[in-house]
Amino acid sequence: MTEDAPTWARRIRAMREARGWSQPKAVEEMRSHSSDELPSAEHLLRRWKAWERGENKPSDFYASIVAATLGTVTAALFPPPTRPGNDLDLVNATGMDTLEIVSHLHRSDVNDATLEAVRITVDKLCSEYSRLPAKDLIGEGRQWLRRLVEMQEQRLTFRQRRETLELAGWLALLVGCLEYDLGDRRRAESTRRSALSLGKEVGSNGILGWAHEMQAWFALTSGNYRGVISAAAAGQQAAGNHSVAVQLIAQEAKAWARMGRTEEMRNALERGRLVLDGMPYPENIENHFVVDPSKYDFYVMDCYRHVGENRMARELSEEVIRASKDFNGFERWPMRIAEAQVTLGVVAAREGDLEEAVTHGRRALSGDRKSLPSLTMVAQDLSQVLGERYRGEPEADAYVEQLKALRPDV
């Protein structure tokens, strides 16, 4: 296989090797992931070798089988040629800038064009969650949430009132996430409950599911793993066919991993993979409240790191870093990259390379965009390995102190 082989070809090989499989073994495993009878082993082996060399791409039929065999989502291994993003320009899409939208919101009658402009604004804010520092985004989020609440005093049709309440629900979720990122758990929980109430009022499966997902997230980062399982179960029931169901299953898998229940973890991951594989590719993968296929590998990475499957954790972390950057190297999902850096650090520490472990750990803590509860939870995995294997080593002790300075209560 050459270095200029397609990404999917290089990854097929990397994922196979991370599992310690030979090519014949991979072909044998394919059969357990197909309900149809497959050709002879010799025929499939020729195909597999050609796929790894990048000579031809698997057909749709084989793509889903290969992805299932390697334990990932089809669209994560074989993404569309160009990944959709949030390219909507507010002025071009609506003819209004933010100042004009606010002016229209203060009128007694609000037209549909104004509501569409607000919808685009909310989508934009939710899409900026992964990149902008929480302290920079939270003010704007609260400001727009306040405007939507004030709109309820105006003359609106039933449809307009429902839509504004739904948009307020999504903004409440966003603000709650930002509050938790900044370490304000009490306010985040209050905002989460407000979003849950709005979700019930408008009957939004997505808002209800994400409100439960936030509860599961809060529980996970607090070490309340039974609470994660409970919140994830309630959220999956409320989520319907919204993609948040996949993230709820992922939180469940993370909890099982931390409880040492590896079989339950694997069952949850496979369940989540099947659910996500059956969903259409999202229109806007930048929106925080949309689960894109590449995020599945991020979930699995966390679980494999925690249960000590180092080769798989390394392969997945490298893929998370690659998939989280655009063609120009711009970091689209810096928080995913940070957790992947921690994973690389944990693997390096387990393999005896202290310098590389600390280097990755410091990179993870250096970014401007952080979710303090999530990052410190994950970084504790590295801190624990360093404490167990390198206690007294200046580099290891310095990293642990840096982590404590980031969040003194860990």
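The values are calculated or read from the model by the stated rules, or taken from the named source; none is laboratory data. On a predicted model such as this, the values are computed, not experimentally measured, just so you know. Every residue, glycine among them, receives a Cβ derived from its backbone with ideal geometry; neighbour counts consider all protein chains shown.
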| Some residue of the range 33-44 being surrounded by 14 or more Cβ atoms within 10 Å (Cβ to Cβ), under 31 Å from the mean Cα position of the chain (by Cα) and within 23 Å of SER317 (Cβ to Cβ) | no
| message | Given the options ALA5, ALA9, ALA67, name the one that is surrounded by 13 or more Cβ atoms within 10 Å (Cβ to Cβ), of a type in the set (Gly, Ala, Ser), over 24 Å from VAL290 (Cα atoms) and at pLDDT 95 or above. | response | ALA9
| Hits in the range 347-404 - residues which are among the basic types (Lys, Arg) and over 30 Å from LYS135 (Cβ atoms) | ARG350, ARG389, ARG391
| field | Residues (crowded, with 16+ Cβ neighbours inside 10 Å and not in a helix (DSSP H, G or I)) located in the range 380-399 | value | TYR390
| For the subset of the range 216-243 comprising residues that are of a type in the set (S, T, N, Q) and under 16 Å from the mean Cα position of the chain (by Cα), which member is surrounded by the fewest Cβ atoms within 10 Å (Cβ to Cβ)? | THR221
| query | Is one or more of the residues making up the range 245-252 at pLDDT 95 or above and farther than 21 Å from ALA340 by Cα? | reply | yes
| note | Over the range 15-27, the set of residues under 18 Å from GLY54 (Cα atoms), touching a residue at least 24 places away in the same chain (Cβ under 8 Å) and surrounded by 19 or more Cβ atoms within 10 Å (Cβ to Cβ) is MET15, ARG16, ALA26
| Complete set of residues in the range 1-52 that are within 16 Å of ALA68 (Cα to Cα) and of a type in the set (Lys, Arg) | ARG11, ARG13, ARG16, ARG19, LYS25, ARG31
| field | Every pair of residues 6+ apart whose Cβ atoms lie under 7 Å, when the first sits in the range 384-410 and is within 24 Å of GLY308 (Cα to Cα) while the second is aromatic (Phe, Trp, Tyr) and modelled with pLDDT of 90 or more | value | ALA396/TYR390
| Among (1) closer than 19 Å to HIS360 by Cα; (2) surrounded by fewer than 17 Cβ atoms within 10 Å (Cβ to Cβ), the one test that CYS303 misses | (2)
| task | Need at least 1 residues that are of a type outside the set (A, V, I, L, M), out of contact with any Leu (no Cβ under 8 Å at 6 or more places or on another chain) and more than 26 Å from ALA396 (Cα to Cα) per element, so show me which helices (runs of 4 or more DSSP H) inside the range 267-379 make the cut, counting only ones lying wholly within it. | result | 294-307, 310-323
| query | So which pairs qualify, if the first residue must be in the range 175-195 and within 12 Å of TYR129 (Cβ to Cβ), the second must be of a type in the set (Phe, Trp, Tyr) and assigned to a loop (DSSP other than H, G, I, E, B), the Cβ gap must be under 8 Å, and the two must be at least 6 apart or on different chains? | reply | CYS177/TYR129; LEU178/TYR129
